[in-house]
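Reviewing the structure listed below.
Read-outs throughout are calculated quantities, based only on the coordinates presented, and are distinct from any laboratory measurement. Since we're looking at a predicted model, the values are computed, not measured. Here Cβ is always computed from backbone atoms with ideal geometry, including for glycine, and neighbour counts include all displayed protein chains.
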Amino acid sequence: MAETERARSGGMKWLTELVNEWRAAGQRIGIVPTMGALHQGHLSLVQAARAECERVVATVFVNPTQFAPTEDLAKYPRTLVADLEMLAAERVDAVLVPTEDEMYPPGFSTYVQPPEVSQKWEGAVRPSHFRGVATVVLKLLNMTRADVCYLGQKDYQQVAVVRRMVADLNVPCEIKMCPTVRDPDGLAMSSRNRYLSKDERQIGLSLSRTLFAAEKQIRSGAKNGPELSSWMREQLIASGVSQVDYAFAADADTLEPLTEVRLPLVLLMAARVGTTRLLDNLVVRQG
Ligand code: AMP
């Protein structure tokens, strides 16, 4: 594919034409939606798509509708040149880098009302977040007519929201969740990690440390959900995080908090370290 076709904005015709060609040839299309500032976590999704689909489209778009006015949209890291190099090295077939205007042209006014599972945790802290996520993901799925969409477990609730949305709205796309990629010290990779100072990063390690310790407690027979949740919160605070937004043991499917520990469950947490918000989670299954 010509380099110019990989990352061109200025109208979506090129994408529609490519997608039509691919579909006419019966090729399976995988999409990896991202906000850029790519790291190995993103690339693991591209690699999964590359292994399973004949055609892979990556998208790079810092989606304004999923940021509240008080959030970090303006300072969100943007590293497009490096991103495109990384994606080319992974042999993606196309990179969609739409402008804000292409995604939300004047007059745009239709939004997805996100499903029930969007209401708690992230949705409670960031009330309009999942509306923006659901809307942009649906648009990207429609634009690429992807057969499979690859999302990271790092954003566990996001996967639950998108899965419910495609089921509820009959979107013919399979949603695949890929494991969280961590740095060797355990910190879940995130584009926002680059905001962390050296000391903050040390504090940030308390999220994964606490998740793995909580899993151990569950494996040794801990049964009380609220006690486990309070213990996780205390660990984070004791390690110096500035604020715990939530730290909970929840049902792995419904994301409802558990009174009694029951597998499979997900340990979900979000905390602020300085001004940086970090998310992490761990699924605990039988065996
Ligand atoms: P973002 O660019 O943060 O919107 O993320 C784009 C996609 O990459 C989402 O599906 C994320 O869940 C996924 N992702 C982000 N960080 C990681 C990670 N550390 N491991 C696996 N997937 C990730």
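Structural remarks
- In Hz, Karplus ³J(HN,Hα) per residue of the stretch 156-173 (6.51, -1.76, 1.60; θ = phi - 60°; x = Gly, Pro): 4, 5, 4, 5, 4, 5, 5, 4, 5, 4, 5, 5, 5, 9, 6, 7, x, 9
- Cα radius of gyration and Dmax for the stretch 118-166 (Å): 10.9, 32
- Projected label distance in nm at residue 223 and residue 21, using a 7 Å step from Cα toward the beta-carbon: 6.3 nm
- The chain: antiparallel DSSP beta bridges as a percent of all, rounded to 5: 55 percent
- Residues of the stretch 12-46 with amide N under 16 Å of a point placed 7 Å along Cα→Cβ from residue 89: 37-46
- Per-residue Cβ neighbour rank within 10 angstrom, fewest leading, 28, 55: 28, 55
- The base-10 log of I(q)/I(0) for the chain, evaluated at q = 0.09, 0.12, 0.14, 0.15 Å⁻¹, reads -0.44, -0.79, -1.06, -1.20 [Debye formula, identical scatterers on Cα atoms, solvent excluded].
- Once both labels are positioned 7 Å from their Cα atoms along Cα-to-Cβ, the gap between residue 12 and residue 81 label points is 3.0 nm.
- Per-selection Kirkwood Rh - the stretch 235-279 (Cα, Å, 1 d.p.): 11.3 Å
- Exceedance of the 27 Å cut-off in Cα-Cα distance is limited, within the set 75/139; 176/198; 120/198; 154/216, to 176/198; 120/198.
- The separation of the stretch 188-202 from the stretch 42-62, counted between C-alpha centres, amounts to 24 Å.
- Mean Cα-pair separation over length for the chain, i.e. relative contact order, pairs under 8 Å, 6 or more apart, %: 16 percent
- √(5λ) per eigenvalue of the Cα gyration tensor, the stretch 191-284, largest first, Å: 24, 12, 11
- Spin-label proximity, residue 242 to the stretch 250-287 - amide N less than 19 Å from point 7 Å beyond Cα toward beta carbon: 269-280
- Look at 237, 175 and count the other Cβ atoms within 10 Å of each Cβ; fewest to most, that gives 237, 175.
- Efficiency of FRET from Cβ geometry, residue 51 and residue 260, R₀ 30 Å, rounded to 0.05: 0.15
- Each residue in 255, 169 was given a count of other beta-carbon atoms within 10 angstrom of its own, and listing them fewest first yields 169, 255.
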